[in-house]
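For reference, the structure is listed below as structure tokens.
What follows is calculated from the coordinates using simple rules that are stated; it is not laboratory data. Because the structure is a prediction, the values reported are computed rather than measured. Counting neighbours? That spans all protein chains shown, and the Cβs are built from the backbone with ideal geometry, glycine included.
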Amino acid sequence: MTDEAPVSLDSARLKIVRLRLEDFDDLKQAMLTAARVSATTLGVTRVGIWSLSEDREALRLVAVYDVQRPDETSKDVELPLAQWPRYRAALSSRRVVATDDALNDPRTSQLSESYLIPHGVSSMMDAPLFLRGQVWGVVCHEHTGAPRSWSDRETAFAVSVADMLSTMLEQAMRLTIEARLRQTEAELAQLRRAEAMVRTAAAIGHDINTLLQAISGRAELAVRDAENGQSEALQEIVGDCQRAARIVGQLRDLDAPSRAVGLESDLSFVIDDTRATLEALLAPTHTLELDLAPEASVRAGRADLERVVLNLVVNAKEAMPSGGTVFVNTRRTDSSVSLEIRDTGSGILPEQAAQIFEPYFTTKSGRNTGLGLFAVATIARRTGAVIAFDSTPRVGTTVKLTWSD
């Protein structure tokens with residue numbers, strides 16, 4: 001070392017201490033920078049930063065700077081500490097391991113055949129990294145060529161580098177915890193909004209159900225006095241009121257949704273029985289094409305199935321504002337029943353697909369509430385169905401629900 005070495009060491013410390021972490025992803029880049037500064041300051045061939053495995057039986061390479069290969073910043077390397085009990089004991093001592101002759105030093109000689117000789121390491125200086133008071137890993141300074149001795153200043157520098165990296169580890173851990181806390185708070189806020197929506201829906205459902213009963217009653221009276229041509233249309237109105245009443249009945253029970261127990265319905269029959277309503281929803285710009293398997297029974301109530309089909313068909317229609325065909329089919333295998341509804345509409349972007357079943361999320365403008373697919377997902381969970389969603393922009397969307405036996 002020259003007389004100017006302390007200035008160089010202090011300057012290197014400043015470079016490292018000025019590193020800042022905005023999030024956990026910055027940690028590896030900070031470690032790479034620290035390894036490069038430390039290697040060039042001490043004049044060693046390589047500086048590697050290693051972490052202990054969870055069982056503390058292995059060292060895993062996190063970041064490395066090699067003067068001879070500066071562009072090679074990381075490798076997938078794991079070293080088994082079980083084969084090097086003396087080196088593991090030296091690390092556990094929580095003190096720096098500085099050796100002028102690594103091949104013959106009792107603390108490091110066990111590494112000779114498997115690591116030191118293949119990498120040409122003659123001298124090494126390892127400083128422990130700490131996280132929450134425990135040894136988390138090690139900063140390993142590796143010198144190649146003729147053995148060299150480590151001065152007290154160099155050893156102190158290596159320890160200070162490890163200390164600064166330990167501080168970064170603590171900071172990165174704190175940033176991770178804070179990010180998880182923000183995510184949890186956002187999820188709780190969303191849950192509170194959903195709970196408020198449930199309470200509002202239950203209250204509104206009660207009032208709507210009262211009106212539906214009145215409409216249905218008047219329609220039934222009108223059926224008795226109507227001519228044959230009008231009677232059929234009025235019967236459809238009565239049927240629609242009954243379907244709506246079943247759906248509204250679910251709103252009143254939203255406060256404690258549970259998996260349907262003991263309920264079973266023929267999915268194909270429910271869809272076929274709802275055909276007139278679906279066609280009325282789609283007319284005059286859209287058409288309905290059904291392909292229904294016989295005896296497609298699932299463990300779900302009729303109201304649940306009607307609600308799923310109505311929401312998905314309306315959603316498919318809205319995806320084709322210029323008109324088109326909505327395809328609805330059911331399939332039955334030995335172990336499952338599936339419902340598939342497909343459109344040839346605008347589709348959605350891949351980054352939107354992850355949010356499509358969240359409450360209030362919508363890709364449509366206007367008065368769309370963003371609750372249709374959320375209702376479908378809620379019913380799927382309650383009835384044990386698995387949802388598959390596939391959408392391609394300008395090609396179309398397919399939503400598939402599968403109930404397994």
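Okay, here's what the table says:
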| item | result |
| --- | --- |
| Residue 186/residue 293 FRET efficiency (R0 51 Å; Cβ-Cβ; nearest 0.05) | 0.75 |
| Cβ-based exposure ranking for 279, 318, 54, in which fewest neighbours within 10 Å come first | 54, 279, 318 |
| Alpha carbon centroid spacing (whole Å) that separates the stretch 261-328 from the stretch 166-192 | 43 Å |
| Length added when fully stretched, residue 273-residue 83, from 0.36 nm per residue minus Cα-Cα | 61.2 nm |
| Prolate/oblate/rounded label for the stretch 5-179 (Cα gyration tensor, a/c 1.5) | oblate |
| Approximate spin-label separation residue 236-residue 40, in nm, with each point projected 7 Å along Cα-to-Cβ | 8.0 nm |
| Mean Cβ neighbour count within 10 Å, used as a protection proxy, ranking 292-299, 147-154 highest first | 292-299, 147-154 |
| Among 334-341, 347-354, the order from most to least packed when residues are scored by Cβ within 10 Å on average | 334-341, 347-354 |
| Computed label-point distance, nm, for sites residue 28 and residue 344 using a 7 Å Cα→Cβ extension | 4.6 nm |
